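**Student:** Dumping the structure here so I can ask a few things about it.
The values are calculated or read from the model by the stated rules, or taken from the named source; none is laboratory data. Just so it is clear, the model here is predicted, and its values are computed rather than measured. Cβ atoms come from the backbone with ideal geometry, glycine included; neighbour counts cover every protein chain shown. Ligands, DNA and RNA are excluded from the accessible area calculation, which covers all protein heavy atoms including side chains. Shrake-Rupley method; radii C 1.70, N 1.55, O 1.52, S 1.80 Å.
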Amino acid sequence: MKKIIGYIFLFVFANSSIHAQLNDSTAEAKKMQWWKDAKFGMFIHWGVYSALAGTYEGKKIPGIGEWIMNTAKIPIDKYKPYAKLFNPVKYNPEAWVKMARNAGVKYIVITSKHHDGFALFDSKVTDWDIVDASPYGKDLLKPLVAACRKEGIRIGFYYSQAQDWNHPGGAAINGHWDKAQDGDMDAYLDNIAVPQVREILSNYGNIDILWWDTPKDMTKERAEKFMPILKQHPNLITNNRLGGGFQGDTETPEQFVPSTGFPGRNWETCMTMNDTWGYKSYDSNWKSSKTLIRNLTEIVSKGGNFLLNVGPTAEGEIPKASITRLAAMGKWLNVNKEAIYGTTASPFPYLSYGRCTRKGRKLYLHVFDYPANGLLGVPMANKIREAYLLADPTKRLLVTINKANQHSVIHLPKKIPDTINTVVAVEFEGDLKIIPSPMESVEAVVSSENDASEGAKNLTDGNRLTRWTAAKTDRNASATVDFKKQVAISSLIVDEPWNPWENKRQKITLQYKSGETWKTITTTTTKGIGDQKNFKPVTAEFFRLLIENKEEAPSLLEWQMYGPE
Ligand code: JFZ
C-alpha cells in the first residue's frame, strides 16, 4: 500500500523536477525575497480530525492524525458528526500569533481545507465547513489573518486540491472506501476545489502563500483549472505539490533535511514536532528543543526554510509541549537571530564541528560539537578581521593561522555559552576564497547506468534534482572516483530520490583502495532520503561506494565527500 503511494509521489515529484529550472528573473526574485529571508514558519494542521485526536470507536488508529478517516476507513456518514465536536471555543488567534512571533516565526501556513474536505472558512459551495457544520459557527481564518497582519507575520493557506474524502469525485490515496465518495473528479474540481481556492484567495486580502498538497490524479489539464486564479495573484508563493508538471516556487521535502539542499531551487522542509500533523492525544514522541534548533540551523545552512508544525486540539489549544519548544527556539533566536534571518547558504558544505551561514563578508559558524582542542578551522584562504561570539560581541576571539594549510583558526573560550548551538561571527576580508570540495573536479565511474539521463555524471554534479540509476535488473552497483592524487576524506554525504513514507532502503559502503585491496571506511543502511557519515580522516587516491538495493535498481541523486578543515 505504502509502495503505491510512493510511486504516485515519485512520479509527480520526479516529473516536476524534470521541468525544474532556475528562474531568477527579477520579478521572481523580488516576489521570493521576503520568503528567502524569513527562514522560519509555523504550520498549523487543524480540522475535524483534531476532535478524533487519533482514536476511532475506542481504537487507537496508527499513523498521522489528520489521515484517520482514510486509515480507519471511516464512512462519510460516520465521520461527519465529528464536526459537532470540533468546537474550538478556546481559540485565541492573537495569542497564537504572539506566541509564534516570540518564537521567531515569520510566517504561518494553516490548513484551510485538508484531505477530509472540511473548510475552516465559510465556503459558499459546500456545507462541509466550520460555519455550517460546527457549533462554533464562525470563520477560523479571518481572525488569524487579522492577527498576523497586526503582528507583521506573513500568512499562507494550505489547500488539499486533489484529495477530498467527503465531496464526491475527490481523490483518495489508496482509493475510495465509501460509495458516496465516487464521482467525477473534474466535476469536483470545477464545483468545489476551484471555487474554494478562489474564495480563500479573494476573501482575506492578499495571501502570501498557497500550499498545495498531494497531487493524486492531478493531470496537466486538471492543474490548469487553477491557473486563471493564480494569474490574478502574481505575488502569491506556491509550492511544488499542485501536480500536472507545475513546479511552483518551492520544493517541499517532508519530514527530512535533504543532505545537499536544493541548489538553484527555493525549498522548505516541513516537519512535525512529534509524529503527527493533526492532533493526537497520545502522541508524546516529541523532538527535543536541541533537535529543533539544530534542524533550523542545518536547513538554513543549506539555503532552505523550516516550516514547523503545531496541531491544536478541537478546543483550540496548542499543545503545551509545542509551546515550550517554540519558546526555547525563540530564546535561542533572540541571541542568534543575526545568524539566521536574511542569511544565505553555507559556502562550506561540511564543517566537522557544525554548520555555517553567511551574510556578505560575515560568516556565522554554528558550533554543535565543541572541538577537543577548542580550535575552529575555517577552510578558506581569506584573512579574518575579527571573530566573536554572538552571545558576547564585545569580546574578540584570538585568530591564528594553521601553518600546514594557511587556514584561519579561531580560538574558542574554554566554556561556550550554548551547548546546543553557539554562534561565532567571523568578518573576513576580500572576496571569499573557498577551498573547493575534492568531488567538484571528478566524475565517478559506475558499474552500470540505466540510461544517459540517469548516468554517472549526475552523481557529482552538486544537483539533487538529477539522479544516477543502475541498470534495471541490478541490485548491487558500485561507483568509483580517482582523485589522481592522495586526498584526505572525513565525511560522506549521499542523497537519495525517495520520500520518508516510501520506506526505501539501500545499504551503502564507502571503501578506499590501499595497495591492491579495497578497505571499508563506513557502512550505512539508509532510509531512502540520503545520509551523512563523518569519520576519522582517510587519505587515499581511489574511493568507491558499494550500493545494495534489495527491491530495485540502486539509485542516488548525489555522492559528495569532504576532507577535514
Ligand atoms: C502530506 C499530507 O498528506 C499530510 O497530511 C500533511 O499535510 C503533510 C504536510 O503533507 O504528507 C503526506 C503525503 C503523502 C503521504 C504521507 C504524508 N503518503 O503518501 O503516505
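**Student:** Considering only segment 94-113, state which residues are without any contact (Cβ under 8 Å) to a residue 60 or more places away in the chain and open to solvent by 10 Å² or more (accessible area, probe 1.4 Å).
**Tutor:** GLU94, ALA95, LYS98, ARG101
**Student:** Pick out the one residue from ALA540, ALA553 that is part of a loop (DSSP other than H, G, I, E, B) and open to solvent by less than 50 Å² (accessible area, probe 1.4 Å).
**Tutor:** Criteria check complete, one pass: ALA553.
**Student:** Considering every residue within segment 110-117, establish whether at least one is touching a Phe, Trp or Tyr at 6+ places or on another chain (Cβ under 7 Å), among the hydrophobic types (A, V, I, L, M, F, W, C) and under 30 Å from ALA339 (Cα atoms).
**Tutor:** Checking segment 110-117: at least one residue is touching a Phe, Trp or Tyr at 6+ places or on another chain (Cβ under 7 Å), among the hydrophobic types (A, V, I, L, M, F, W, C) and under 30 Å from ALA339 (Cα atoms).
**Student:** Can I ask one more? Has segment 344-351 got any residue that is open to solvent by less than 20 Å² (accessible area, probe 1.4 Å) and over 30 Å from LYS433 (Cβ atoms)?
**Tutor:** No, that holds for no residue.
**Student:** Just for helices (runs of 4 or more DSSP H) wholly inside segment 105-216: which have at least 3 residues that are away from the ligand (no atom under 16 Å from the Cβ) and of a type in the set (A, V, I, L, M)?
**Tutor:** Where helices (runs of 4 or more DSSP H) fall fully within segment 105-216 and carry at least 3 residues being away from the ligand (no atom under 16 Å from the Cβ) and of a type in the set (A, V, I, L, M), they are 130-133, 141-151, 194-202.
**Student:** Residues that are within 16 Å of the ligand (Cβ to nearest atom) and at positive phi: does segment 459-466 have at least one?
**Tutor:** No, there is no match, as no residue in segment 459-466 is within 16 Å of the ligand (Cβ to nearest atom) and at positive phi.
**Student:** Any chance segment 175-182 includes a residue that's out of contact with any helix residue (DSSP H, G or I) (no Cβ under 8 Å at 6 or more places or on another chain) and crowded, with 22+ Cβ neighbours inside 10 Å?
**Tutor:** So far as segment 175-182 goes, no, none of its residues is out of contact with any helix residue (DSSP H, G or I) (no Cβ under 8 Å at 6 or more places or on another chain) and crowded, with 22+ Cβ neighbours inside 10 Å.
**Student:** Continuing with this model, one more query. Pairs under 9 Å by beta carbon, first residue in contact (Cβ under 8 Å) with a residue 60 or more places away in the chain in segment 496-524, partner among the hydroxyl-bearing types (Ser, Thr, Tyr), six or more apart or different chains?
**Tutor:** Listed pairs, sorted by first residue: GLU496/SER259; GLU496/THR526; GLU496/SER555; PRO497/THR469; PRO497/SER555; TRP498/SER555; GLU502/TYR7; LYS504/THR526.
**Student:** Return only the number of the condition from (1) surrounded by 15 or more Cβ atoms within 10 Å (Cβ to Cβ); (2) away from the ligand (no atom under 16 Å from the Cβ); (3) part of a loop (DSSP other than H, G, I, E, B) that LYS504 does not satisfy.
**Tutor:** For LYS504, the failing item is (2).
**Student:** Do we have any residue at all in segment 79-102 that's more than 26 Å from LEU292 (Cα to Cα) and within 16 Å of the ligand (Cβ to nearest atom)?
**Tutor:** Taking every residue of segment 79-102 in turn, at least one turns out to be more than 26 Å from LEU292 (Cα to Cα) and within 16 Å of the ligand (Cβ to nearest atom).
**Student:** Additional query: Which members of segment 252-279 meet the condition of being within 14 Å of the ligand (Cβ to nearest atom), out of contact with any Ser or Thr (no Cβ under 8 Å at 6 or more places or on another chain) and not polar (S, T, N, Q)?
**Tutor:** Result: MET271, ASP275, TRP277.
For every residue, the table says whether it meets (1) among the hydrophobic types (A, V, I, L, M, F, W, C); (2) loosely packed, with under 14 Cβ neighbours inside 10 Å; (3) assigned to a loop (DSSP other than H, G, I, E, B).
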position	(1), (2), (3)
TYR388	no, no, no
ALA404	yes, yes, yes
VAL409	yes, no, no
ASP418	no, no, yes
VAL423	yes, no, no
GLY430	no, yes, yes
ASP461	no, no, yes
THR466	no, no, yes
LYS472	no, yes, yes
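**Student:** I would also like to ask the following. Scan segment 234-289 for residues that are closer than 22 Å to ALA223 by Cα, open to solvent by 10 Å² or more (accessible area, probe 1.4 Å) and among the aromatic types (Phe, Trp, Tyr) and jot them down.
**Tutor:** PHE246
**Student:** What pairs come out if I take residues in segment 114-129 that are under 16 Å from LEU201 (Cβ atoms) and pair them with residues that are among the acidic types (Asp, Glu) and assigned to a strand (DSSP E or B) whose C-beta lies under 8 Å away, six or more apart or interchain?
**Tutor:** Between residues of segment 114-129 that are under 16 Å from LEU201 (Cβ atoms) and residues that are among the acidic types (Asp, Glu) and assigned to a strand (DSSP E or B), the close pairs are ALA119/ASP129; LEU120/ASP129; PHE121/ASP129; ASP122/ASP129; SER123/ASP129.
**Student:** Still on this structure: How do the helices (runs of 4 or more DSSP H) wholly within segment 1-82 filter down when requiring 1 or more residues that are open to solvent by 10 Å² or more (accessible area, probe 1.4 Å) and at pLDDT 85 or above: which remain?
**Tutor:** 26-38, 49-52, 68-71, 76-79
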